[in-house]
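Presented below is the structure to which this report refers.
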Amino acid sequence: MNLHPMQPVKPDARVDSLLKQMSMTGFQGRKLGESVAVWSQMIEDPDVTIFAGLSGAMVPAGMQECLIALLENRFIDVLVSTGANIFHDICEHAGIRHYLGHHMVDDQDLFRQGIDRIYDVFAYEDQFRGVDAKIAEFAEGLVGFSGSSADFIRQLGVWLTQKYPSGRSLTATAARLNIPIFIPALCDSSIGIALVMARRGGHQVMIDQLADTDQLTGYVEKAQKTGVIYVGGGVPKNFIQQTQVIASIHDHGCGGHDYAIQYTTDTPHYGGLSGCTFEEAVSWGKESCTCRKVQCFCDATIALPLVISALLAAGIRRSGHS
């Protein structure tokens, strides 16, 4: 066995070189540094299509601009998200803000004041309901629509740009750049609530979740190689993971994802999907036997700004993209 000596990390003004140093240390700091190296290799591999899964309250927690940077720099090709993140993203585009709060607070008092709490983030319930109504109004103009969540969200992104031209969001950016956003559990969000409002008003909009599965798997089947990046776990993680199984059932034999990164606080020993290891996924054929993989057990609100800043500071460019 050839052992490499540990390299103590030194303070560094450049986040890319800092994380490169961290990759030669230990524990989750090392994993964070290693994730930058794997993501960089994905970006620079011209044959790779990159899928990202987004869960957790990342947009309310202030990660919106980091996520937009991923799209604008083509660091990902397809996004699978919870509906909540996209709803909060739409709110920000429309000028509805999230506020610095505190986790040590009287929640009954917040309820009386009409304030919703997401750990230490506050927002106004009546403003959220106003956005629900706007999305319902948009849906009413799509009477007869039947399609995937990605088709629906693309049209919603175009509408956002037209209605709020000075706004900025992940949703509108994805529509502009033709990057699909799938929401496989769309009904489990305020977007779903808005569509129920439209339905009860006599306006039918059908989100075809089987079309989501088929379309997303189609991207995998057409790709020469695939890379996956998971922020948290949940439905977005398995929705992307299962594409490899579906592809193999239909004789495409993709062989599993070639690169895999996850930032999560969930652990594997409780048996949940969000914390399960990529090694476990190899047994299902979801990751390839030669997959370059790294899981960093870290709060994503710490990991994302550091990793994305490191990729940008290093000047990493997507092969085949401007």
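The values are calculated or read from the model by the stated rules, or taken from the named source; none is laboratory data. The model shown is predicted, which means the values in this text are computed figures rather than measured ones. All Cβ positions, even for glycine, are placed from backbone atoms using ideal geometry, and neighbour counts span all protein chains on display. Ligands, DNA and RNA are stripped out before the accessible areas are found, and what is left, the full protein with its side chains, is counted by its heavy atoms. Shrake-Rupley method; radii C 1.70, N 1.55, O 1.52, S 1.80 Å.
Whether any residue in segment 172-188 is polar (S, T, N, Q), under 22 Å from residue 60 (Cβ atoms) and touching a Phe, Trp or Tyr at 6+ places or on another chain (Cβ under 9 Å) is what I want to check.
Looking for residues that are polar (S, T, N, Q), under 22 Å from residue 60 (Cβ atoms) and touching a Phe, Trp or Tyr at 6+ places or on another chain (Cβ under 9 Å), one finds none in segment 172-188, hence no.
Got a number for residues in segment 76-116 being under 14 Å from residue 126 (Cα atoms), loosely packed, with under 13 Cβ neighbours inside 10 Å and touching a strand residue (DSSP E or B) at 6+ places or on another chain (Cβ under 8 Å)?
Of the residues in that region, 1 qualify.
Restricting to segment 256-274, name every residue that is in a loop (DSSP other than H, G, I, E, B) and touching a residue at least 40 places away in the same chain (Cβ under 8 Å).
Filtering segment 256-274 down to residues in a loop (DSSP other than H, G, I, E, B) leaves 256, 265-267, 271-274.
If the condition is that a residue be in a loop (DSSP other than H, G, I, E, B) and touching a residue at least 40 places away in the same chain (Cβ under 8 Å), then 273, 274 are the ones that fit.
Could you please find all residues in segment 256-274 being on the phi > 0 side of the Ramachandran plot and crowded, with 18+ Cβ neighbours inside 10 Å? Even if it seems obvious, please write down each step before you answer.
Looking only at segment 256-274, we keep the residues that are on the phi > 0 side of the Ramachandran plot, and these are 256, 271.
256, the sole residue that qualifies.
The rows are residues; the columns are (1) among the polar types (S, T, N, Q); (2) open to solvent by 20 Å² or more (accessible area, probe 1.4 Å); (3) in a loop (DSSP other than H, G, I, E, B); (4) more than 28 Å from residue 308 (Cα to Cα).
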{"position": "142", "(1), (2), (3), (4)": "no, yes, yes, yes"}
{"position": "210", "(1), (2), (3), (4)": "no, yes, no, yes"}
{"position": "216", "(1), (2), (3), (4)": "no, no, no, no"}
{"position": "221", "(1), (2), (3), (4)": "no, yes, no, no"}
{"position": "251", "(1), (2), (3), (4)": "no, yes, yes, yes"}
{"position": "254", "(1), (2), (3), (4)": "no, yes, yes, yes"}
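Mind telling me which of the residues 240, 308 ends up being touching a Cys at 6+ places or on another chain (Cβ under 9 Å) and assigned to a helix (DSSP H, G or I)? Reasoning before the result, please.
Working: 240 fails: touching a Cys at 6+ places or on another chain (Cβ under 9 Å).
Among 240, 308, only 308 is touching a Cys at 6+ places or on another chain (Cβ under 9 Å) and assigned to a helix (DSSP H, G or I).
Can you tell me how many residues within segment 51-65 are surrounded by fewer than 20 Cβ atoms within 10 Å (Cβ to Cβ) and not in a loop (DSSP other than H, G, I, E, B)?
Filtering segment 51-65 down to residues surrounded by fewer than 20 Cβ atoms within 10 Å (Cβ to Cβ) leaves 57, 61-62, 65.
Still in the list and also not in a loop (DSSP other than H, G, I, E, B): 65.
Looking only at that region, the number is 1.
List the residue pairs whose Cβ atoms are under 7 Å apart, where the first residue sits in segment 225-246 and is under 23 Å from residue 44 (Cβ atoms) and open to solvent by 30 Å² or more (accessible area, probe 1.4 Å), the second is of a type in the set (A, V, I, L, M, F, W, C) and assigned to a strand (DSSP E or B), and the two are 6 or more positions apart or on different chains.
Between residues of segment 225-246 that are under 23 Å from residue 44 (Cβ atoms) and open to solvent by 30 Å² or more (accessible area, probe 1.4 Å) and residues that are of a type in the set (A, V, I, L, M, F, W, C) and assigned to a strand (DSSP E or B), the close pairs are 225/48.
State yes or no: is residue 176 open to solvent by 40 Å² or more (accessible area, probe 1.4 Å), basic (Lys, Arg) and in a helix (DSSP H, G or I)?
Values: open to solvent by 40 Å² or more (accessible area, probe 1.4 Å): yes; basic (Lys, Arg): yes; in a helix (DSSP H, G or I): yes.
Yes, satisfied.
Check off (1) open to solvent by 20 Å² or more (accessible area, probe 1.4 Å); (2) modelled with pLDDT of 95 or more for residue 7 and give me the number that stays unchecked.
In the conditions (1) open to solvent by 20 Å² or more (accessible area, probe 1.4 Å); (2) modelled with pLDDT of 95 or more, residue 7 misses (2) alone.
Of these, 36, 9, 15, which one is in contact (Cβ under 8 Å) with a residue 40 or more places away in the chain and more than 16 Å from residue 230 (Cβ to Cβ)? Outline the logic, then answer.
Working: 36 fails: more than 16 Å from residue 230 (Cβ to Cβ); 9 fails: in contact (Cβ under 8 Å) with a residue 40 or more places away in the chain.
Testing whether each residue is in contact (Cβ under 8 Å) with a residue 40 or more places away in the chain and more than 16 Å from residue 230 (Cβ to Cβ) leaves just 15.
Taking segment 95-127, which residues are over 25 Å from the mean Cα position of the chain (by Cα), part of a loop (DSSP other than H, G, I, E, B) and among the β-branched types (Val, Ile, Thr)?
105
Determine which member of the set 56, 95 is closer than 21 Å to residue 234 by Cα and not charged (D, E, K, R).
Details: 95 fails: closer than 21 Å to residue 234 by Cα.
The conditions single out 56.
Please go through (1) of a type outside the set (S, T, N, Q); (2) open to solvent by less than 10 Å² (accessible area, probe 1.4 Å); (3) over 19 Å from residue 62 (Cα atoms) for residue 165 and return the number of the only condition it doesn't satisfy.
Just one mismatch for residue 165, condition (2).
Please count how many residues of segment 18-27 are in contact (Cβ under 8 Å) with a residue 60 or more places away in the chain and surrounded by fewer than 16 Cβ atoms within 10 Å (Cβ to Cβ).
0
Which residue out of 157, 130 is more than 24 Å from the chain's Cα centre (by Cα), within 20 Å of residue 85 (Cβ to Cβ) and outside any strand (DSSP E or B)? Before you say what the answer is, go through the steps one by one.
Working: 157 fails: more than 24 Å from the chain's Cα centre (by Cα).
Of the residues listed, the single one that is more than 24 Å from the chain's Cα centre (by Cα), within 20 Å of residue 85 (Cβ to Cβ) and outside any strand (DSSP E or B) is 130.
Taking the conditions exactly as written (assigned to a loop (DSSP other than H, G, I, E, B) and either among the aliphatic types (A, V, I, L, M) or in contact with a Gly (Cβ under 7 Å, 6 or more places away or on another chain) (or both)), does residue 80 satisfy them or not?
Values: assigned to a loop (DSSP other than H, G, I, E, B): no; either among the aliphatic types (A, V, I, L, M) or in contact with a Gly (Cβ under 7 Å, 6 or more places away or on another chain) (or both): yes.
Judged against the criteria, residue 80 is not a match.
Under the condition of being of a type in the set (Phe, Trp, Tyr) and touching a residue at least 24 places away in the same chain (Cβ under 8 Å), which residue from segment 275-313 is least open to solvent (accessible area, probe 1.4 Å)? Before you say what the answer is, go through the steps one by one.
Let us first name the residues in segment 275-313 that are of a type in the set (Phe, Trp, Tyr), namely 278, 284, 297.
If we keep only those that are touching a residue at least 24 places away in the same chain (Cβ under 8 Å) as well, we get 284, 297.
Values: 284: 163, 297: 72 Å².
Ranking the candidates gives 297 first.
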